[in-house]
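First up is the structure itself, then whatever we jot down about it.
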Amino acid sequence: MEETSDVSIRFYVYILYSLKDDKLYIGFTNNLKKRLTEHANGKVEATKNRIPLRLIHYEYFINKLDAQSRERFLKSGYGRRQFKEILKRTLEDL
């Protein structure tokens, strides 16, 4: 059987919760650990004034376009409502 994809290449869509303003941030990266460190250290313009942040969800993809499409969907009105419903217990516990 021929290998169809290189699973060492990973893309992530992630959701952060700001403990400062109780709002969410949705992002995309190919290096989740590095990106979370950048957020925590105030190096990301969109979240630097919203620290501390907590990772509440992430999804892993082997295809960049699929990951970017998922990020766009989650940022849409329907996508945002959907993940808030899926993560409602997590959000209640924060």
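Scanning region 47-89 for residues that are among the β-branched types (Val, Ile, Thr) and over 12 Å from LEU16 (Cα atoms), we see that the one that is modelled with the lowest pLDDT is ILE86.
Report yes if TYR58 is more than 10 Å from the chain's Cα centre (by Cα) and not acidic (Asp, Glu), otherwise no. Outline the logic, then answer.
On the way: more than 10 Å from the chain's Cα centre (by Cα): no; not acidic (Asp, Glu): yes.
No: the conditions fail for TYR58.
Scanning region 18-31 for residues that are more than 15 Å from the chain's Cα centre (by Cα) and either farther than 19 Å from ASP93 by Cα or surrounded by 18 or more Cβ atoms within 10 Å (Cβ to Cβ) (or both) returns no hits. Hey, among TYR25, TYR17, TYR58, which residue is in a strand (DSSP E or B) and without any contact (Cβ under 8 Å) to a residue 40 or more places away in the chain? Step by step, each of TYR25, TYR17, TYR58 is checked, and only TYR25 is in a strand (DSSP E or B) and without any contact (Cβ under 8 Å) to a residue 40 or more places away in the chain. Of the residues that make up region 32-46, is at least one surrounded by 13 or more Cβ atoms within 10 Å (Cβ to Cβ), of a type in the set (D, E, K, R) and at pLDDT 95 or above? Yes - at least one qualifying residue is present in region 32-46. Go through region 61-73 and count every residue that is out of contact with any Ser or Thr (no Cβ under 8 Å at 6 or more places or on another chain), under 10 Å from TYR12 (Cα atoms) and among the aliphatic types (A, V, I, L, M). Looking only at that region, the number is 1.
Counting residues in region 74-94 that are part of a helix (DSSP H, G or I), of a type in the set (Ser, Thr, Tyr), in contact with a strand residue (DSSP E or B) (Cβ under 8 Å, 6 or more places away or on another chain) and farther than 21 Å from ILE9 by Cβ gives one or more.
Among the residues of region 47-74, those identified as surrounded by 14 or more Cβ atoms within 10 Å (Cβ to Cβ) and of a type in the set (Lys, Arg) are ARG50, ARG70.
The values are calculated or read from the model by the stated rules, or taken from the named source; none is laboratory data. As the structure is a computational prediction, the values presented were derived from the model and not from experiment. Neighbour counts run over all protein chains shown; Cβ positions are idealised from the backbone, glycine included.
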